[in-house]
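Asks: First the structure, which I've put down as structure tokens, then a few questions once you've had a look.
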Amino acid sequence: ERFGIGGPFALFVGGIEPRKNRRALVEAFARIRDVDPWLVIAGGRVRWAPKGVETLRAQVDELPDDVRRRVVLTGYVTDDQKGGLLAGATTLAYPSLYEGFGFPVLEAQAAGVPIVATAAG
């Protein structure tokens, strides 16, 4: 409710940087023809990709209105907020191009949330 999520949602959690592959995630979400699912991207700026947030916002702004209204960019979330988002998510979307470990995947498993992820890293 705090973030204005209006339906079942896929969740991405992580820093906003190129290796997390959010561009592909947003592009894939835009191709979904069902009007029910939402996409929630939770994460903030990282120092090594200072323009990541602006790039993501620009990509979302280019989406058709009916798709754009179902994309929520939360910015940085606290551990409690992340736990609440995981509790409500229908899936964790983790399309990373490279990961050292991938804590959000482990957190989703602990919360019993299905995961869609790449085999990278």
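Asks: Which order do you get for E17, E107, E1 if you rank them by accessible area with a 1.4 Å probe, largest at the top?
Replies: Ranked from most to least accessible, the order is E1, E107, E17.
Asks: What does the accessible area per residue of the chain come to in Å², with a 1.4 Å probe and no ligands, DNA or RNA counted?
Replies: 57 Å²
Asks: Now, a different point. Considering only protein heavy atoms, with the full assembly of protein chains and a 1.4 angstrom probe, order K51, K20 by accessible area, largest first.
Replies: Result, largest first: K51, K20.
Asks: Per residue of the chain, what 222 nm ellipticity follows from adding -39500 (n - 2.57) for every DSSP H run with n ≥ 4, rounded to the nearest 500?
Replies: One gets -9500 deg cm²/dmol as the mean residue ellipticity at 222 nm.
Asks: Give the accessible area for D80 in Å² (nearest 10); use a 1.4 Å probe, count only protein heavy atoms, and leave out ligands, DNA and RNA.
Replies: About 140 Å², rounded to the nearest 10.
Asks: Sticking with this structure for a sec: For segment 42-95, which whole-number percentage of the solvent-accessible area (1.4 Å probe, protein heavy atoms only) is attributable to carbon and sulfur atoms?
Replies: Using a 1.4 Å probe with all protein chains present, segment 42-95 comes out at 52 percent carbon and sulfur.
Asks: Roll a 1.4 Å probe over the protein heavy atoms and report the accessible area of L97 in Å², nearest 10.
Replies: Probe radius 1.4 Å; accessible area of L97 about 110 Å².
Asks: For every other residue with a beta carbon closer than 14 angstrom to the beta carbon of L106, add +1 if it is Lys or Arg and -1 if Asp or Glu, then tell me the sum. Could you put the intermediate results ahead of the total?
Replies: Numbers: positive: K82; negative: D79, E99, E107.
Within the 14 Å Cβ shell, the charges total -2.
Asks: A further question follows. A87: net charge of surrounding residues, Cβ under 15 Å, Lys/Arg +1, Asp/Glu -1, itself excluded?
Replies: Net of charged neighbours comes to -2.
Asks: Chymotrypsin sites (Phe, Trp or Tyr not before Pro) within segment 1-108: which are DSSP loop residues with at most 16 other Cβ atoms inside 10 Å?
Replies: Taking segment 1-108 and a limit of 16 other Cβ atoms within 10 Å, the loop chymotrypsin sites (Phe, Trp or Tyr not before Pro) found are W48, Y76, Y98, F101.
Asks: Once the other residues with Cβ under 10 Å from the Cβ of V13 are scored (Lys, Arg +1; Asp, Glu -1), what is the net sum?
Replies: After counting each charged neighbour, the total is +1.
Asks: Check each of the GluC sites (Glu not before Pro) in segment 3-90 and keep only those in coil by DSSP with at most 12 other C-beta atoms within 10 angstrom; list them in order. Walk me through the numbers on the way to the answer.
Replies: Details: sites: E27, E54, E62; in loops: E62.
When the GluC sites (Glu not before Pro) of segment 3-90 are filtered for loop state and at most 12 Cβ neighbours within 10 Å, E62 remain.
The values are calculated or read from the model by the stated rules, or taken from the named source; none is laboratory data. Only a predicted model underlies this, so the values are computations on that prediction, with no experimental measurement involved. Note: ideal-geometry Cβ built from the backbone for every residue, glycine included; neighbour counts use all protein chains shown. Quick note on the areas: whole protein, heavy atoms, side chains included, nothing else; ligands and nucleic acids left out. Shrake-Rupley method; radii C 1.70, N 1.55, O 1.52, S 1.80 Å.
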